[in-house]
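Let me begin by presenting the structure, written as structure tokens, before commenting on it.
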Amino acid sequence: MSQEDPACCGSGCTNCVLDVKPSKHTLPPDVVNVFDRTYKQFLCESVTPAADNVFRFRFRYVPAIGNDRERLIVPPGCHLMLRALRSVLHQHNRKSVRNPEENPLLRWWEANPVQPGGEKHAKQSLQKHDKSEEDRYLSRPYTPIAFDQERGTFDVLIKLEPGGEMTNHLVTLSAGSCTEWKGVYGDFVWTRNRYRHVVAFVQGVAIAPVYSTLRSILDDEGDETRLTLCACFRNLAGVLLRDELRSLAGYWNFAYAIYLSRRTCACAAAGVERCKCLAARLRYNEPIHDRRLAAAEIEKLLQRPLAEGKPSLLVLLCGTETFTSFIKSTVEKLEIENCYTF
């Protein structure tokens, strides 16, 4: 992403500053995308736990896809904006929660009380772009990990934060709840077989844009790009898309490894350097390691595709600034020319 790209103020503006920049993504002449950068209504179709504090939401377009030309399309790595009324957010509180056992989000909310003084409020460091309308909304970006063009559905992974403004809205959703989304946004454009190798490094829920990109490449039978993914999570309970990654490993041109930064077994407290606790919880040949991804491993991993020439390699990054800076230090050391950060 370019440093010159406009930054959204997070106020759910009808005319968002992101709309100023034209999309780089094109569609076939006979196709109309549901997402035309205006807010559209989507029903929450399902909510399922995905990992610690992370849920997988599925939303469906309202009304349903109505003609042969209309499709719901989210290009790889692109994100959408979800907005909610601030007045509604302020009305939600724990006393209004009913039957939390019927909703996994409410069960999470009850199990994660906000400590006194722990409420998180959005810091609006950027001026509201669309000053013609009142400051009524809150908006946040989310990247779909999957979508169905014909059914008009898409899935997103969302991490909930106790006291977070958008979290206070999300925990009230259940099957049938109405939400507002607009898009699509993002300037990453993939060209089939442009690179011989793609090596991606992701952290936590930031796996979303990279996963959607790699998945689209694998779904293209004519694309022979070799893909490698290194995904970093806090612990085994926090690993996202574990089943999906294991399934993708069946492709000849995809390999992955998962690194856990924290050991949660008793052996760690006892000072045992290596134990068999994690191995007992893994599936056959599952590439999960109970250690942090080290700089030496990153360098070794990148040197292999570099043997075929720097122009043939693309590095993808997504995570916190600290995480991406750590990876970039090796990328710069090896003088890799093509590196994209979501």
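The values are calculated or read from the model by the stated rules, or taken from the named source; none is laboratory data. Please read these numbers as outputs of a predicted model, since none were measured by experiment. Using ideal geometry, Cβ is built from the backbone for each residue, glycine included, and neighbour counts are taken over all protein chains shown. The accessibility values were calculated without ligands, DNA or RNA, using every heavy atom of the protein model including side chains. Shrake-Rupley method; radii C 1.70, N 1.55, O 1.52, S 1.80 Å.
Against the definition (at pLDDT 85 or above, in contact with a strand residue (DSSP E or B) (Cβ under 8 Å, 6 or more places away or on another chain), open to solvent by 30 Å² or more (accessible area, probe 1.4 Å) and under 30 Å from residue 191 (Cβ atoms)), how does residue 76 come out, yes or no? No; evaluated as a whole, the condition is false for this residue. For a quick check of your reading: which helices (runs of 4 or more DSSP H) sit entirely within region 163-260 and have at least 1 residues that are touching a Lys or Arg at 6+ places or on another chain (Cβ under 6 Å)? Passing ranges, in order: 165-170. Within the set 229, 245, 241, the sole residue that is over 19 Å from residue 338 (Cα atoms) and either of a type in the set (S, T, N, Q) or free of Cβ contacts under 8 Å to residues at least 60 places away in the same chain (or both) turns out to be 245. Applying the selection to region 39-76, what residues are closer than 21 Å to residue 106 by Cα and either polar (S, T, N, Q) or without any contact (Cβ under 8 Å) to a residue 24 or more places away in the chain (or both)? Hits for region 39-76 are 46, 48, 53.
The rows are residues; the columns are (1) open to solvent by less than 50 Å² (accessible area, probe 1.4 Å); (2) in a loop (DSSP other than H, G, I, E, B).
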{"residue": "277", "(1), (2)": "no, yes"}
{"residue": "283", "(1), (2)": "no, yes"}
{"residue": "296", "(1), (2)": "no, no"}
{"residue": "301", "(1), (2)": "yes, no"}
{"residue": "305", "(1), (2)": "yes, no"}
{"residue": "308", "(1), (2)": "no, yes"}
{"residue": "323", "(1), (2)": "yes, no"}
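The set of residues in region 180-225 being touching a residue at least 60 places away in the same chain (Cβ under 8 Å), within 21 Å of residue 33 (Cα to Cα), out of contact with any Leu (no Cβ under 8 Å at 6 or more places or on another chain) and among the polar types (S, T, N, Q) consists of 212, 216.
Collect the residues in region 150-187 that are surrounded by fewer than 18 Cβ atoms within 10 Å (Cβ to Cβ) and farther than 29 Å from residue 319 by Cβ, keeping them in residue-number order. Answer for region 150-187, where residues must be surrounded by fewer than 18 Cβ atoms within 10 Å (Cβ to Cβ) and farther than 29 Å from residue 319 by Cβ: 150, 151, 174, 175, 176, 177, 178.
Restricting the first member to region 1-23 and to residues that are among the hydroxyl-bearing types (Ser, Thr, Tyr), and the second to residues that are in a loop (DSSP other than H, G, I, E, B) and modelled with pLDDT of 75 or more, the beta-carbon pairs closer than 6 Å and six or more apart or on different chains are 11/135.
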